[in-house]
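Notes follow once the structure below has been shown.
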Amino acid sequence: MRNIIFLIAITTLISCGESYMNSNNKYPHSKIVDQVDTLWGVVVSDPYRWLEDDRDPEVEQWVLEQNIVTRNHLDSIPLRIELKKRYEELYNYEKVGMPRSIGGRYFVSRNDGLQNQSVVYVKQGLNGDESVFLDPNILSEDGTVTAHLGGASKDGKYVVVVRNEAGSDWQQFRILNVATGEELNDKLDWVKFSGASWLGNGFFYSRYPAPEGSEFSTENTYHSVYYHRIGDDQSKDRLVFRNDDEPNRYHFVSVTEDEKFMILNSSTGTDGNSIHAKHSSSSDSQWQEVVGGFKHRSSVVGAHNGIMYLLTDIDAPNYRLIAIDSANDMSDQSLWVEVLPEDENLLESVSIAGGSVFAKYLRNACNTVVRYDMDGSNPIEIELPGEVGSVGGFDGKYDANEVFFAFTSFTHPTSIYRYDLASGKSELYAEPTVDFVQADFVTKQVWYSSKDGTSIPMFIVHQKGLELNGLNPTLLYAYGGFNISLTPSFSASEIVFLERGGVYAMPNLRGGGEFGESWHEAGMLLKKQNVFDDFIAAAEYLVDVGYTSSEKLAIEGRSNGGLLIGAVMTQRPDLAKVALPGVGVMDMLRYHKFTIGWGWIPEYGCADSSEVHFKNLYGFSPVHNIEDGVKYPSTMVTTSDHDDRVVPAHSFKYTARLQAAHAGDNPVLIRIEVNAGHGAGKPTSMIINEEVDKWAFLLSQVGE
């Protein structure tokens, strides 16, 4: 569905579009086809199967007509103009990334406020004069081509530039000369989910074969590792690893900083992996198993003096750090040495820099960072700018004398700090100035009981002095899956809502990673219903305490969170006034048949391979559980035409079914972004319009 806005009697369509939304909420026609599948003896109807073909002109027409209806509705909301003006004021602040050292130079990304994409600058010395090194804004007129720096050669002469177009997961690799900024002739296509790890005069990367069929919906198989030598055509790249017996696996090769080891990381999807290693100095050496099978989650975080450091959940649901002597059988766990034992808090990540170990922990969904000696002794907790917040960074070389980190919270815009390893002191490097009064707002964390009695934490943000009268517009946002943790972070968009008396609530549902692997496993596969129950209980808590009422409540989630909203809507259509399912996985019986959907089978299960999993998935699949004649919340589904992670067919089919079944006179819309993907890399102009549309729709339905 590449050129959706084509000239097909556009004037007629617009005039027709105005009549689609009337007092009866009529929508564009969604034809019904006689498509029936039989799974495990159960007849399953799929009347909107035709919407899966993103290249079909009939689907393109459907998208065009739906967008006209949605656009007419949103543009008719008087408040939208005021919201956009305020959001642009709030969003128009300088956004600075963490400095990165390559070849004796510092590289820093910066956005002056409303630029579509951040620009990468280079300078000699941290406070030296800077010049533009990479400006993605010149690559496209609408800002939909992104470019950022990837892996750099050890000598600092070259750096890979990663390009994405229209938000697609497909990547193109280019190479720049660090000293001159000159682009080499090398161009690598069909790269996806890959880094660039250098060894000698080239690097390892992962890619797929060129797709046969739609590049945005065809299933991706045979993720393979190649080695590219500078100056060669991609056709000459050497195949390093490919598993012909298991086409549905991911494979990555990285090189340790000392260049002594190559690490092969393989996974069956988004949960569980295996690790193999071999000496990089010998082309004849064989891969040696470090962690076998796919039952656990492990990663090599560094190596020094022949010792490999492994972050793993083996015998430690909250993770621990292990030292492995490469002179021994690395898979013999009896020879592993524990550097950081499992803690009561989640060991979220580990980095090694300046001869120290930096461990980032998650305590009740907020970060703390502890610095250790390489053997795990001498712990020193790093002083952070706030107690409730999220941290990133602390990466660097083994001989580094400094590292950088970022800190953010709901009302603290992301700020960058420099940490001096010799003194152990931090100093502010970049702090944005945003046009709002931070002291006007309060953040609290509460705990509530889910259906089965499990205690769930939830962040709540609002203006000081809020009256608990049940009349406050409230947005409940969550995710609940894939071991992903939701932690506090700043959003200028949310400030728009909070300034108008809104309440923002974010629970840490089971299925996420906030409390380790046991928390994750409690919300995956056959226990997925726990996630929905946790979310429903969060909404009921907000109503019971007096923050809001069902008539003032909106619910939102994206991707796996979009599935959450879709499922909750069908199970509890009375729960909220507004529903905002974004880029959601809505067809749980067929999700694995598109692009890399097979990678989610460890998280969800597969309807084709197990009757038990079929029954479970069929029981909550949003598309299959919408009932005729039910009044559902005012709904705005969001997706994008280039989303090749959760293909837009999910949202298309869900919207068509919901519009046909819905009994209320409140709107059911779908907002389909053109020339965009799953979410990453969206230009500023798109972000602003999408967020303004969300708040306009929400506030027009719940009132202020």
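Only the coordinates and a few stated rules stand behind these numbers; no lab work does. In this text, all values refer to a predicted model and were calculated from it rather than measured experimentally. Cβ placement follows ideal geometry from the backbone for every residue including glycine, while neighbour counts extend to all protein chains displayed.
Among His520, His251, His650, the ranking by other beta carbons within 10 Å of each residue's beta carbon, starting with the fewest, stands as His251, His520, His650. Against the chain, whose longest principal axis comes from its Cα atoms, helix 10-20 is set at around 60 degrees. Checking the Cα-Cα distances for Lys278/Lys360; Lys85/Lys577; Lys26/Lys653 against a 21 Å cut-off, the pairs over it are Lys278/Lys360; Lys85/Lys577.
What shape does the stretch 346-433 have by the C-alpha gyration tensor, where a ≥ b ≥ c are the square roots of the eigenvalues, rounded means a/c under 1.5, and otherwise prolate means a/b greater than b/c and oblate the rest? Here the stretch 346-433 falls in the oblate category. As a rough footprinting exposure proxy, the listed residues Lys187, Lys278, Lys236 were ranked by other beta carbons within 10 Å of their own, and the order from fewest upward is Lys236, Lys187, Lys278. Between helix 57-75 and the chain there is an angle of about 80 degrees, using the helix long axis and the longest principal axis of the Cα atoms. Taking other C-beta atoms within 10 angstrom as a stand-in for reagent exposure, Leu126, Leu466 fall in the order Leu126, Leu466, fewest first. What the Cβ-Cβ distance of Glu88 and Leu428 gives, at R0 = 41 Å and to the nearest 0.05, is a FRET efficiency of 0.95. Here the relative contact order of the chain, from alpha carbon pairs under 8 Å that lie six or more residues apart, stands at 12 percent. Charged neighbours of Asp440, selected by a Cβ distance under 11 Å, balance to 0 (K, R count +1; D, E count -1). Net charge in the neighbourhood of Gly103 (other residues with Cβ under 9 Å of its Cβ; Lys, Arg +1, Asp, Glu -1) is +1. Charge tally around Ala147: other residues with Cβ under 9 Å, Lys/Arg +1 each, Asp/Glu -1 each, net +1. Of interest is the spacing of the C-alpha centroids, which for the stretch 470-542 and the stretch 380-446 amounts to 24 Å. Each residue, Asp129 and Asn305, gets one label point 7 Å from its Cα in the Cβ direction; the gap between the two is 4.4 nm. In the stretch 346-433, taking the dipole from charged Cβ atoms about the Cα centre, the farthest positive-side position among Ala365, Ser415, Ala430 is held by Ala365. For the stretch 196-303, applying the loop criterion from DSSP together with a ceiling of 13 other beta carbons within 10 Å to the GluC sites (Glu not before Pro) yields Glu212.
Tell me, how many Å apart are the Cα centres for the stretch 161-192 and for the stretch 645-704? The stretch 161-192 and the stretch 645-704 have Cα centres spaced 31 Å from each other.
Distance from the Cα centroid of the stretch 92-109 to that of the stretch 589-613 is 40 Å (rounded to whole angstrom). Angle between the Cα long axis of helix 529-545 and the longest principal axis of the chain, 0 to 90 degrees, nearest 10? The two axes meet at around 70 degrees.
Charge dipole (Cα centre; +1 on Lys/Arg Cβ, -1 on Asp/Glu Cβ; no other charges) of the chain amounts to roughly 580 debye.
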